[in-house]
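Working notes, beginning with the structure itself.
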Amino acid sequence: MELWAQLTVGAVALVLALSLPLVVRPLLARAGVLDVPNARSSHTVPTIRGMGITTAVAISAAVAVAIFLPQSGTALHGVLTLVVILAVVLAASTIGWLEDIRGLSVKVRAGVQLLIGALATASVAIIDPGQQQLWLIPVGALAVAAYVNVANFMDGINGISGTHGLLVGGFYAYAGLITGHAWLVYAGIAIALAFAGFLPWNLSRNRVFLGDVGSYLLGASISVTAMSAFLVGVPVEYIFSPVLIYLTDTFVTFLRRLLAGERWYVAHRQHVYQRLVIVGLSHVQATAVVCVATLVVSLLGIVAVQGGEVIQIVATAVGFAVVLIYLRTPTLFQGFLRKRGLMTGAGESTSGTAQEQQS
């Protein structure tokens, strides 16, 4: 029965994510919800944004099905955890939608993100009597708010957010399967297949963008799932490895700009994935680089957990080597393309692409 429940949750997420844009896209176009290119954009023409609202509905419906589906194998603790995840998904998506439609001040956005994270952490801690420690609340609040912004910063080229949701959700579902947490399987499946359903719309000729509603959704759904998994004892390698590339790209870019005396909040295109596009890779190619690095690091995380002590050390070392290589990929590809005579100008390699939804 549990397999059928998993298939049902996955089908709900995928079918809704694939079909809802047929209805929502014309409405967004009619309402003029457009992403206009600016200094940090990697696209050159106004493009419909806010399509993340359909992904939010898909994830919400799939998680709701997992909550109410009888004999799904989810214990009461897991059901309550899914309720928290559903609440966070709805709250974060609402804030992102308001940002897309009318705009919100930095203080309001940051305050609400921290509040969502704090309430989610407190709720998960209450569910598990062994985790009722006050220090968890500010840490969880910062973790959720931080990853919402990481996902927002990294939502800058076609395909990158959809594939990130697909990969991270898939690995979290695997982690739930291995560790015996049915709720984590359902949450991972819902995230993975909802963002998989968005990809064809994002990569098609008449592409659309997630908008802030989608990037907030991505960051919030992943972070609250990861936090909940950590609090119930899921190995940190399962949780941390799939998001390591995103975290590293964002942190190193932030640190580089800070050390250079630049204002970190000013629009820029200095993330590794953005520089890959600038040196001449297409959006699909740059997204593939990010995905391959994420996939390799995630698999090494699994090896580290399931292997012996020596294997764990080797896998961890190789994982960090992969991260360092990823950070060098713009330079490596620039040299390769120059040798092949394929290097293009920065302005020539960025047409028709997605905007970094950076605050």
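The values are calculated or read from the model by the stated rules, or taken from the named source; none is laboratory data. None of these values were measured; they are calculated from a predicted model. Here Cβ is always computed from backbone atoms with ideal geometry, including for glycine, and neighbour counts include all displayed protein chains.
In segment 206-325, counting only helices (runs of 4 or more DSSP H) that sit wholly within it, the ones holding 1 or more residues that are buried (at least 24 other Cβ atoms within 10 Å of the Cβ) and under 15 Å from the mean Cα position of the chain (by Cα) span 211-231, 244-259, 272-279, 283-306.
Quick check on Val296: is it farther than 17 Å from Leu167 by Cα, in contact with a helix residue (DSSP H, G or I) (Cβ under 6 Å, 6 or more places away or on another chain) and modelled with pLDDT of 95 or more? No; evaluated as a whole, the condition is false for this residue. In segment 273-292, of all residues being small (Gly, Ala, Ser) and modelled with pLDDT under 95, the one that is nearest to Gln334 (Cα to Cα) corresponds to Gly280.
Test Thr163 against the stated conditions and say whether it is in contact with a Cys (Cβ under 6 Å, 6 or more places away or on another chain) and modelled with pLDDT of 95 or more. Against the criterion (in contact with a Cys (Cβ under 6 Å, 6 or more places away or on another chain) and modelled with pLDDT of 95 or more), Thr163 qualifies. Scanning segment 179-196 for residues that are of a type in the set (Gly, Ala, Ser) and assigned to a helix (DSSP H, G or I), we see that the one that is farthest from the chain's Cα centre (by Cα) is Ala182. Listed by first and then second residue, the pairs with beta-carbon distance under 8 Å, at least 6 apart or on different chains, first residue in segment 190-201 and more than 18 Å from Val224 (Cα to Cα), second outside any helix (DSSP H, G or I), are Phe198/Met51; Phe198/Leu210; Leu199/Gly159; Trp201/Met51; Trp201/Arg207; Trp201/Val208.
Applying the criterion of being in a loop (DSSP other than H, G, I, E, B) and at pLDDT 70 or above to the residues of segment 34-63, the residue that is surrounded by the fewest Cβ atoms within 10 Å (Cβ to Cβ) is Arg49. Of all residues in segment 12-23, those satisfying the criterion of being more than 12 Å from Trp201 (Cα to Cα) and in contact (Cβ under 8 Å) with a residue 24 or more places away in the chain are Val12, Ala13, Leu14, Val15, Leu16.
Filtering segment 95-105 to residues that are out of contact with any Phe, Trp or Tyr (no Cβ under 8 Å at 6 or more places or on another chain), touching a residue at least 60 places away in the same chain (Cβ under 8 Å) and not charged (D, E, K, R) leaves Trp97, Ile101. Scanning segment 91-123 for residues that are crowded, with 19+ Cβ neighbours inside 10 Å and either modelled with pLDDT under 90 or of a type in the set (Phe, Trp, Tyr) (or both) returns Trp97, Asp100. Among the residues of segment 74-90 satisfying the criterion of being modelled with pLDDT of 95 or more and surrounded by fewer than 19 Cβ atoms within 10 Å (Cβ to Cβ), which is farthest from Leu177 (Cα to Cα)? Residue satisfying both the conditions and the ranking: Leu90.
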